[in-house]
């Protein structure tokens, strides 16, 4: 389980990006973080993976506080946290298979990683993962020859190659057409259930969040406005999450 406790982040002296953020995300569930632009959604994800350093709080993954990890410990923790990006973050001239194999780099020595030394078992696993996302026939095709939706599926397979406990998805469907969006979200929902992964996903599209996720974290101006099961979200909750900063008071969080 992921537990974020009293997470706080400021930029400079004025901008309070995260304000005592608390929520949980469970294995086997897809959790969506929703809220207006600039609310702090990406900051939360980047803090969880410690791509940015927050100011205070706890980030517990199976009771290990990621914030307290030293450099070597953090490298090990990150190996079990997959990341899926809006812009795919693939190496375009390389094949789909080669990009998926890069998911093993965190488990290899520097020399083996630089030389691209992968075992037969790792190559077979990468092919199997491409098959799981419907791309086995594209394994030897360069990624810059794939569609956006196909590239995002390569990114998912690469994340799975890390043997993750958790996958963080930062606006993974923002650049995709409706058909590709459906495919990607179906895959993420299936993987959460089948592999008992924690999947945490930033979304602008409320309709997609409502259709594909189990759990909603609503954030506004850096503070939690709602946390609860997706089926508890109604128009009043959405209006509160997306309110202007001077409106209303906080909706009580619902804990599962």
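The values are calculated or read from the model by the stated rules, or taken from the named source; none is laboratory data. Model, not experiment: these values are computed from the prediction. Note that each Cβ is placed from the backbone with ideal geometry, even for glycine, and that neighbours are counted across all protein chains shown.
Mind listing whichever residues of segment 36-79 are in contact with a strand residue (DSSP E or B) (Cβ under 7 Å, 6 or more places away or on another chain), in contact (Cβ under 8 Å) with a residue 60 or more places away in the chain and outside the structural domain of residue 197 (by TED's automatic domain parsing)?
61
Which members of segment 137-155 meet the condition of being surrounded by 23 or more Cβ atoms within 10 Å (Cβ to Cβ) and touching a strand residue (DSSP E or B) at 6+ places or on another chain (Cβ under 8 Å)?
Residues satisfying the conditions are 152, 155.
Select from segment 152-168 the residues that are within 22 Å of residue 95 (Cα to Cα) and not in a loop (DSSP other than H, G, I, E, B) and list them in ascending order.
152, 153, 154, 155, 156, 157, 158, 159, 160
Which members of segment 201-226 meet the condition of being touching a strand residue (DSSP E or B) at 6+ places or on another chain (Cβ under 9 Å) and assigned to a helix (DSSP H, G or I)?
Hits for segment 201-226 are 206, 208, 209, 210, 212.
Please find, among 202, 231, the residue that is surrounded by fewer than 17 Cβ atoms within 10 Å (Cβ to Cβ) and modelled with pLDDT of 95 or more.
Just a single option satisfies the conditions, and that option is 231.
Out of the residues in segment 90-110 meeting the condition of being assigned to a helix (DSSP H, G or I) and at pLDDT 90 or above, tell me which one is nearest to residue 150 (Cα to Cα).
Checking each candidate, the answer is 96.
If I ask for residues that are over 14 Å from the mean Cα position of the chain (by Cα) and either in a loop (DSSP other than H, G, I, E, B) or closer than 24 Å to residue 210 by Cβ (or both), which ones from segment 2-23 would you list?
If the condition is that a residue be over 14 Å from the mean Cα position of the chain (by Cα) and either in a loop (DSSP other than H, G, I, E, B) or closer than 24 Å to residue 210 by Cβ (or both), then 4, 12, 13, 14, 21, 22, 23 are the ones that fit.
Say we look at segment 111-136 and pick out the residues that are in a loop (DSSP other than H, G, I, E, B) and modelled with pLDDT of 95 or more; which of these is surrounded by the most Cβ atoms within 10 Å (Cβ to Cβ)?
Of everything passing the filter in segment 111-136, 133 is surrounded by the most Cβ atoms within 10 Å (Cβ to Cβ).
Which numbered condition trips up residue 47, out of (1) surrounded by fewer than 20 Cβ atoms within 10 Å (Cβ to Cβ); (2) closer than 20 Å to residue 197 by Cα; (3) at pLDDT 90 or above?
All conditions are met except number (1).
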